[in-house]
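> One structure, as structure tokens, below. Some questions next.
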Amino acid sequence: MYKKNYHNTDLSRLSFLITGGAGFIGSGIVQYLLRYGAKKVRVLDNFSTGSYANIDAFKEDPAFELVVGDIRDLQTCRDSLEGVDYVSHQAALGSVPRSINDPLLSNEVNVTGFLNMLVAARDAGVSRMVYAASSSTYGDHAGLPKVEEQIGKPLSPYAITKYVNELYASVFSKTYEFHTIGLRYFNVFGPRQNPHGPYAAVIPLFLEAVLENKVPYINGDGETSRDFTFVENAIQANIKAFFAADIQQHEVVNIAYGERTTLNQLWREINALAGSNIEAQYRPERKGDIKHSLADIGKANRLFGYAPEYSVSEGLKLTYDWYSKVYML
């Protein structure tokens, strides 16, 4: 799917660790690095949300290595970083509703696990750690578009955990001169995203509904809007952030497409892709959700040349085609 490569560095000399590498974003980063000849691509995952199916295609590649383990264990983090040059930390428990139902577990994984990786990466002397931050950090700040320096109060335990990640990363930069880059993802979607389970995201749920000819649920009136971001754009951001020059402090940047799409628009477009005309069913808004989201992506562009290659429509078409094939198996 890659329109072009996003690096000008010789990857054959470099080793990478992707935590959460069996997830749909992490496995995409793994695929990119293997395709372009990385020396070693190691995945650390406990498969609580990741899937073996996402990485099955890589298991015969001699540069690929899988470590089944949990980021909540510091020694596991240390061991997984042996010989590693760059880290992409994608491991986390996503979902606002999940964090509301079990805030302790979200904190253990997203805060303790993140801190373990920070400590281990600092001590291992890696060249760069890039991590998955979240647009949920903007909380109740109403301004649009969202700019990195202006945030509000968190609206969920999940949002708190992701903000704490940024605070820890900033302290490690100032205290230890270990400079990381946080990527504030805005509603990433794409192939390999799981449509099953109580915490599935809206796009895979919509795709599952249209492919099974089922009525989807929309929370609220459907005019809630999001800056939906195709996964290849997030992969580009990770690769470019690895090699961003002259980073002398902790940086956080928005990773999005830069346009708003309402849930009603989204469902109409998915209906059109499938050639169907299913009416959605509406239900009350969820706790902890914000009404509108839109990113200013200028900082990521200035810092390391991030420029999204895939529009929402292009991404939806590619994702629909992938899910269609899966449902035909």
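> Can you list the residues, at least 5 places off or on another chain, whose amide H is less than 5 Å from the amide H of residue 218, using H built in the peptide plane?
281, 282, 283
> Sticking with this one: Of all DSSP beta bridges located in the chain, what percent are antiparallel, nearest 5?
5
> Another question, if that's okay. Just to confirm a number: summing +1 for Lys and Arg and -1 for Asp and Glu over residues other than residue 280 whose beta-carbon lies under 15 angstrom from that of residue 280, what do you get?
Once positives and negatives cancel, what remains is -4.
> Moving on. With 27 Å as the limit, write out which pairs from 40/174; 162/287; 4/214; 39/325; 40/240; 214/317 have Cα-Cα distances beyond it, or answer none.
Among 40/174; 162/287; 4/214; 39/325; 40/240; 214/317, the Cα-Cα distance tops 27 Å for 40/174; 4/214; 39/325.
> With charges only on Cβ, +1 for K and R and -1 for D and E, what is the dipole size of the chain about its Cα centre, in debye, rounded to 20?
Dipole of the chain, to the nearest 20 debye: 220 debye.
> A further question follows. If each DSSP helix of 4+ residues adds -39,500 (n - 2.57) and the sum is divided by the residues in the chain, what number results at 222 nm, nearest 500 deg cm²/dmol?
Roughly -11000 deg cm²/dmol at 222 nm, from the helical runs in the chain.
> What ranking do 267, 322 get, fewest neighbouring Cβ atoms within 10 angstrom at the top?
The most exposed by this proxy come first: 322, 267.
> How high is the relative contact order of region 23-118, given as a whole-number percent (alpha carbon pairs under 8 Å, six or more residues apart)?
The value is 28 percent.
> List the residues, sorted by chain then number, that are 5 or more residues from residue 146 or on another chain and whose placed amide H is less than 5 Å from its amide H.
Hits under the 5 Å cutoff: 294, 295, 296.
> HN-Hα J couplings of region 97-109 from phi, Karplus 6.51/-1.76/1.60, θ = phi - 60°, integer Hz, Gly and Pro as x?
With coefficients 6.51, -1.76 and 1.60, one gets x, 4, 5, 5, 6, 8, x, 5, 5, 4, 5, 4, 6 Hz.
> Scan around residue 128 for amide H atoms under 5 Å from its own, H built in the peptide plane at 1.01 Å from N, and keep only partners 5 or more places away or cross-chain.
It is 87, by chain and number.
Bear in mind that the values in this text are calculations on the coordinates, not laboratory data. What you are looking at is a predicted structure, and each value in this text was computed from that prediction instead of being measured. With ideal geometry, Cβ positions are generated from the backbone for all residues, glycine too; neighbour counts draw on all protein chains shown.
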